[in-house]
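Enquirer: Structure below; questions to follow.
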Amino acid sequence: MNRADLSKQPHEVSAMFDDVAPRYDLVNDILSLGRARGWRKVVAEAVAAVPGERVLDLAAGTGTSSEPFADAGVDVVAADLSLGMLEVGRARRPDIEFVQADATQLPFADASFDAVTISFGLRNIQGHRRALAEMLRVTRPGGRLVICEFSTPTPAPLRTVYTEYLMKALPGIAARTASNPAAYQYLAESIAAWPDQEELAAQILGTGWSGVQYRNLTGGIVAVHRAVKPGASTATR
């Protein structure tokens with residue numbers, strides 16, 4: 001799988017992440033220039049989960065994004081398509097529940113979760129609108145959705161520099177640090193092909209979510225979208 005046409009087959013995506021699982025978190029820190037940890041902190045704050053709530057963390061990989069919830073006493077389920085990623089996560093955090101799941105056909109009952117979140121995984125899902133609809137299905141009325149994904153930098157100079165980094169520098173760094181550099185070439189192309197902030201917000205609304213808002217991080221290189229499932233009112237967080 002060498003080109004990013006946003007028509008990924010699930011088995012291809014799973015195999016790609018199986019390959020990079022052992023060093024995935026380390027390489028992510030390097031390629032994001034250390035920003036990944038700060039982005040994860042913003043996501044946890046946006047989800048605003050408290051003990052007694054149940055959170056579904058999709059595309060959780062090795063569970064790094066699930067750890068803040070588990071550490072705060074929140075019941076979190078870390079779900080991913082890649083068995084390789086899940087195996088690394090289970091070995092590292094046996095206290096977290098890891099589940100293999102296709103985001104377009106989630107193995108959970110309706111209204112099972114108070115919040116659903118996905119970080120840097122939505123663009124890798126074939127038919128991501130179906131995944132958004134599935135997230136809505138498994139969220140209780142009044143529950144929250146938080147999506148963290150690479151997006152379109154808002155300042156034009158940053159956009160130019162970022163595009164150069166994605167297509168030239170990132171694959172070079174990955175070639176020296178990653179177990180499967182070709183996977184990172186694919187990931188760079190998938191980022192460049194992904195919808196911008198406004199288009200993704202419209203897609204989220206189009207699948208039935210309400211109150212969609214987004215916040216740009218690092219000049220729009222990353223955007224965090226938030227939404228609520230229509231229904232029962234909840235306390236403002």
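The values are calculated or read from the model by the stated rules, or taken from the named source; none is laboratory data. It should be emphasised that the depicted structure is a prediction, and the values quoted were computed from it without experimental measurement. Counting neighbours? That spans all protein chains shown, and the Cβs are built from the backbone with ideal geometry, glycine included. Side chains included, ligands, DNA and RNA excluded: accessible areas come from the protein's heavy atoms. Shrake-Rupley method; radii C 1.70, N 1.55, O 1.52, S 1.80 Å.
Enquirer: Every residue in segment 103-141 that is in contact with a helix residue (DSSP H, G or I) (Cβ under 6 Å, 6 or more places away or on another chain) and either over 24 Å from Val228 (Cβ atoms) or hydroxyl-bearing (Ser, Thr, Tyr) (or both), please.
Expert: Those that are in contact with a helix residue (DSSP H, G or I) (Cβ under 6 Å, 6 or more places away or on another chain) and either over 24 Å from Val228 (Cβ atoms) or hydroxyl-bearing (Ser, Thr, Tyr) (or both): Thr104, Ser112, Thr117, Ser119, Asn124.
Enquirer: Right, next: Determine which member of the set Arg137, Arg123, Arg130, Arg159 is surrounded by fewer than 19 Cβ atoms within 10 Å (Cβ to Cβ), at pLDDT below 95 and not in a loop (DSSP other than H, G, I, E, B).
Expert: Arg159
Enquirer: Still on this model: Using the structure shown, decide if Val50 is within 14 Å of the chain's Cα centre (by Cα), of a type in the set (Val, Ile, Thr), under 22 Å from Arg93 (Cα atoms) and modelled with pLDDT of 85 or more.
Expert: no
Enquirer: What number of residues in segment 81-111 are assigned to a loop (DSSP other than H, G, I, E, B), among the polar types (S, T, N, Q) and open to solvent by 30 Å² or more (accessible area, probe 1.4 Å)?
Expert: 1
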